[in-house]
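No value in this document is a laboratory result; all are computed from the given coordinates. Bear in mind the structure is a predicted one, so any value in this text is a computation, not a measurement. Positions of Cβ are backbone-derived with ideal geometry, glycine not excepted, and every protein chain shown enters the neighbour counts.
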Amino acid sequence: LFANGLPHVNDTRAKRLSIQWLGTAFAIASLVPINYIAHDTNVRKDLGYFKTAMPGESTQGIVSSLEQPIHAYLFFPPSSDVTEEVRTYFDQLNGPQFTKSYVDHSLEPELSKDLNVRDNGYVVFVRGEGEEKQVERIKIGADFKTAKRILKKLDEELREGLLKLAKDAETLYVTTGHGEMYW
């Protein structure tokens with residue numbers, strides 16, 4: 001619409017558009033601090049049906065009270081979904097005598113041969129060195145479909161493996177009759 005031969009700008013429409021663009025600019029500008037805060041807190045929420053077991057109090061107690069050093073080797077490829085689940089579990093286990101290494105089977109053939117690991121998908125606990133070295137292997141699986149069943153009870157499986165190495169073997173003596181030793 002022309003007034004006095006010049007194009008006329010509708011004030012109502014201009015205000016509405018400027019408020020919409022200003023609101024969009026504020027929404028985009030607020031994403032930066034929200035993203036920064038979310039990155040810093042880094043809270044993981046799993047809303048799916050499947051959930052990997054987390055370390056229980058007994059497992060954490062075993063790890064924190066180890067008398068001899070135990071090293072955990074996690075043989076998983078970096079691109080696997082199982083790797084992320086196992087890594088989340090082991091990141092919560094900390095103790096003065098407990099160390100962990102994330103290893104890919106194909107990149108460490110000497111270590112794999114030494115620990116008798118044939119492929120990825122294993123957690124290997126090692127206590128001692130040389131002839132006194134004790135090894136406990138737990139197969140989880142590198143494929144998520146096959147590992148899903150074991151991941152649900154991961155804490156139970158790993159606690160049993162840790163207990164085998166954490167405690168020394170006990171000697172059992174058998175007596176007969178009136179308590180005499182019989183060989």
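Quick look at the numbers
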item	result
Within region 60-183, percent of DSSP bridges classed antiparallel, to nearest 5	70
HN-Hα J in Hz across region 81-92 - Karplus 6.51, -1.76, 1.60, θ = phi - 60°, x for Gly and Pro	5, 5, 4, 5, 5, 5, 5, 4, 5, 6, 5, 8
Inter-probe distance in nm under a simple model that places probes 7 Å from Cα toward Cβ, at LYS152 and GLU132	4.2
Additional length obtainable on full extension of the chain from ASP40 to MET54, 0.36 nm per residue less Cα span	2.8 nm
Relative packing of peptides 140-148, 121-129 - highest average C-beta neighbours within 10 Å first	121-129, 140-148
16 Å tail of the calculated P(r), region 85-183, as % of Cα pairs	66
Listed values (i) 38, 16, 14; (ii) 62, 19, 15; (iii) 34, 21, 15, entry calculated as semi-axes √(5λ) of the Cα gyration tensor in Å	(ii)
For LYS100, distant residues with modelled amide H under 5 Å away	ALA72
SER79-ILE19 FRET efficiency (beta carbon distance; Förster radius 35 Å; 0.05 resolution)	0.15
Set LYS113/LYS164; LYS100/LYS164; LYS133/LYS153; LYS145/LYS167 screened for pairs whose C-alpha atoms are more than 25 Å apart	LYS133/LYS153; LYS145/LYS167
The chain: calculated mean residue ellipticity at 222 nm from DSSP helix runs of at least 4, using -39500 (n - 2.57)	-13500 deg cm²/dmol
